Amino acid sequence: MRTVLVAMPFMSVDRPSIQLGLLRAIGTAHGFPVDTLHANLDFAARVGTDFYRSVADARGPLLGDWLFAPAAFGAAAPDPDGRFLDELGITGARRDRLLRARERDVPALLDDLAAGYPWAGVEVAGFTCTFQQNVASFALARRLKADHPGLVTIFGGAGFDDEMGLELLRRVDVIDLIVAGEADTAFPAVLRALSEGAEPAAVPGIARRAGSGLKVTAPAPPQEDLDALPPPDYREYFARAERLGLLSPAERREVWLPFESSRGCWWGAKHHCTFCGLNATTMSYRSKSPQRILAELDTLSRRHRTLRFEAVDNILDMRHLTELFPAIADGRHDYEFFYEAKANLTREQLRALARGGVTRLQPGLESLSSTVLRLMNKGVRAAQNVNLLRWAGYYGLDVAWSILWGFPGETAGDYAEQTALIPHLAHLQPPEGSGRIWLERFSPLFTSIEKKTPTPSYRYVYPTGFDHARLAYFFDDASGDALPDHVYAPLSDALDAWSRAWSREPRPALTYRAAPGVVQIHDTRHPESAGTYTFDGAIADVYLSCVDRPTGVAAIHRRLGRPGFVDEVLAEFARRGLIFRDGSLVVALATPAVPGR
């Protein structure tokens, strides 16, 4: 069963698909000839990478799916006049470029893909779909089915979880089979069934149409032994990107290779963050052994000639802090990593990550209000988030984070407090974005809010007869209880000012030097009030009591005595923006002026 696995737009062009790379390796290990086709690269080469990224990075409105809808659904496609662009406020040259892509570039891409690949020898085409890949995949599958009626199409990925996949299987006739959940065992099993003429829907996790209904088999348990999986194979991505002129041989060293060291979420298995819809049916946490991870990194770095790795893990395995990263540092492996983690990391843990090669971290901060963080079920306090930003900056970790709003139970005061805090944080890395949450399918909020509607984008993409409530992943809260947008405007303005301050040279700074009985704090957060504070004696002791981590005021009372004096000093530090007060916790805002400690 010669098989081709396809990644369609609008997956990122800057890195290969781990889904394709892993399934190719699995299929090959089971004796099946499996190739990959990063067709998203072809579209990026055709329309230009800047335009491609502008669509791929568009936040939420399914703009990429809209571009491919006429090619996928023909005359049944909605919105032939581009009213969707009007709703999004897209005008002028941008509107013209999007319409031209829809009318010309998409058909040309499909022509090239259909004619430029040896499909005549292919028996199975597999499509992995997350978010804005669904409709582009339908479009290519339709073209291939017209030319090769015997071709079997298999669809899977996050876009086909649960009832989303079943609704698409009902309505899109070019889908033959779907894989629900993880495909590590289902993919080779269904290839074997097809090669032997057996019933593919007997394979766990496979569904197909059967008469007027569907034949669905429950998925197998999630893959437990991640060490048994082969390293992903990305050779086709690099060869294609270089051939299309998107990547020079020298630039391949800059590519962040996706790799996997764990699956699921150990925090979500206990306390699911209220807005998170990830891990729909695979929340249980599983992790590779440090020895297996090191072996895989060695294989991937030699095979693909890059030492940069992007972990696709939803959350860092805390064992890696004491087993994996020290081994990387001690073994002098000069890898560079991106990881997602929980925000309660300590100074020592951040130092271990930095020593082990982590340079980019996504810690899921999401708010600087402990009240809002409780509504999110994040399991951290705002003081911990601020402390992470302090020590991440000190150890040279680039932090990817955002501020979210729109949670049931929040108040305007929660955001006024954050707005007042922002000027004191000018020396810390600002968020990359901010905004109101959507309701994501599979999230606790999705379940708890009774009145919800699919985001309006779906009606501009899918034809009449498709049940948007079944196929949608993003929903809007229709309860009418949400705070109005103007409540968040002052915070949004403060965040913009923070980003502007961070971009100036030299960057704002708040650093301290200390010796027994004295602390000196140099403050250049705001040029108009730059200066140096020097505190000695008991006042210095109060400040130094909370420089490493958020500390309870009661603990400082016990350590230093003189509760009234301590409270007075802390109040003055807070007034000057030298500490952050978070209920019963306080944390210094300055970081050491001396590096490397």
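The values are calculated or read from the model by the stated rules, or taken from the named source; none is laboratory data. Just so it is clear, the model here is predicted, and its values are computed rather than measured. Cβ sites come from the backbone with ideal geometry, for glycine too, and all protein chains shown count toward neighbours.
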Practice task
Being in contact with a strand residue (DSSP E or B) (Cβ under 8 Å, 6 or more places away or on another chain), farther than 29 Å from Ala44 by Cα and either of a type in the set (Val, Ile, Thr) or exposed (fewer than 15 other Cβ atoms within 10 Å of the Cβ) (or both) is the filter here, so list the residues in segment 245-292 that pass it.
Solution key: Thr282
Practice task
Report yes if Gly126 is assigned by TED's automatic domain parsing to the domain that holds Pro200, of a type in the set (Gly, Ala, Ser), touching a strand residue (DSSP E or B) at 6+ places or on another chain (Cβ under 8 Å) and more than 22 Å from Pro463 (Cα to Cα), otherwise no.
Solution key: yes
Exercise for the section: Answer yes if at least one residue in segment 585-597 is of a type outside the set (Ser, Thr, Tyr), in contact (Cβ under 8 Å) with a residue 24 or more places away in the chain, out of contact with any Ser or Thr (no Cβ under 6 Å at 6 or more places or on another chain) and part of a helix (DSSP H, G or I), and no otherwise. Expected result: no
Practice task
Determine which member of the set Leu510, Leu495, Leu471 is at pLDDT 95 or above, out of contact with any Pro (no Cβ under 9 Å at 6 or more places or on another chain) and buried (at least 17 other Cβ atoms within 10 Å of the Cβ).
Solution key: Leu510
Handout entry: Qualifying positions in segment 349-384 - of a type outside the set (A, V, I, L, M, F, W, C) and touching an Asp or Glu at 6+ places or on another chain (Cβ under 8 Å)
Key = Gly357, Thr359, Arg360, Gln362, Pro363, Gly364, Ser369, Ser370, Thr371, Lys378, Arg381
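Per-residue answers, yes or no, for (1) surrounded by 14 or more Cβ atoms within 10 Å (Cβ to Cβ); (2) within 21 Å of Asp485 (Cα to Cα):
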residue	(1), (2)
Leu397	yes, no
Ser402	yes, yes
Glu410	yes, yes
Gly435	yes, yes
Ser443	yes, no
Ser448	no, no
Practice task
Taking only segment 39-54 into account, find how many residues are surrounded by fewer than 21 Cβ atoms within 10 Å (Cβ to Cβ) and either hydrophobic (A, V, I, L, M, F, W, C) or not in a helix (DSSP H, G or I) (or both).
Solution key: 3
Exercise for the section: Tell me, yes or no, whether segment 296-318 has at least one residue that is buried (at least 16 other Cβ atoms within 10 Å of the Cβ), closer than 30 Å to Leu439 by Cα, among the polar types (S, T, N, Q) and assigned by TED's automatic domain parsing to the domain that holds Gly364. Expected result: yes
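Quick grid of which residues meet (1) surrounded by fewer than 23 Cβ atoms within 10 Å (Cβ to Cβ); (2) part of a loop (DSSP other than H, G, I, E, B); (3) among the basic types (Lys, Arg):
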| position | (1), (2), (3) |
| --- | --- |
| Gly64 | no, no, no |
| Pro70 | yes, no, no |
| Asp79 | yes, yes, no |
| Ile90 | yes, yes, no |
| Asp96 | yes, no, no |
| Leu99 | yes, no, no |
| Arg102 | yes, no, yes |
| Gln132 | no, yes, no |
| Ala146 | yes, no, no |
Practice task
Would you be able to tell me the number of residues in segment 192-244 that are crowded, with 17+ Cβ neighbours inside 10 Å, touching a Gly at 6+ places or on another chain (Cβ under 8 Å) and either of a type in the set (A, V, I, L, M) or more than 16 Å from Ile26 (Cα to Cα) (or both)?
Solution key: 5
Exercise for the section: Can you tell me which residue among Ala554, Ala538 is part of a helix (DSSP H, G or I), surrounded by fewer than 14 Cβ atoms within 10 Å (Cβ to Cβ) and modelled with pLDDT of 95 or more? Expected result: Ala554
Handout entry: strands (runs of 3 or more DSSP E) contained entirely in segment 162-274, each with at least 3 residues that are within 22 Å of Thr130 (Cβ to Cβ)
Key = 177-179, 206-210, 257-259
Problem - Residue check for Leu177: crowded, with 17+ Cβ neighbours inside 10 Å and in contact (Cβ under 8 Å) with a residue 12 or more places away in the chain - result: yes
Practice task
With the condition kept exactly as written, say whether any residue in segment 253-265 is of a type outside the set (S, T, N, Q) and closer than 30 Å to Gly409 by Cβ.
Solution key: yes
Practice task
Look through Gly64, Gly74, Gly48 and report the one residue that is more than 22 Å from Arg15 (Cα to Cα) and not aliphatic (A, V, I, L, M).
Solution key: Gly74
Handout entry: Complete set of residues in segment 332-365 that are closer than 19 Å to Val587 by Cα, without any contact (Cβ under 8 Å) to a residue 60 or more places away in the chain and either among the small types (Gly, Ala, Ser) or in contact with a strand residue (DSSP E or B) (Cβ under 9 Å, 6 or more places away or on another chain) (or both)
Key = Ala343, Leu345, Leu350, Pro363
Handout entry: Test: residue in segment 565-583 that is touching a residue at least 40 places away in the same chain (Cβ under 8 Å), closer than 23 Å to Ala426 by Cβ and outside any loop (DSSP other than H, G, I, E, B)
Key = yes
Completion exercise
The correct count of residues that are over 17 Å from Thr49 (Cα atoms) and either surrounded by 12 or more Cβ atoms within 10 Å (Cβ to Cβ) or at pLDDT 95 or above (or both) in segment 105-117 is 8
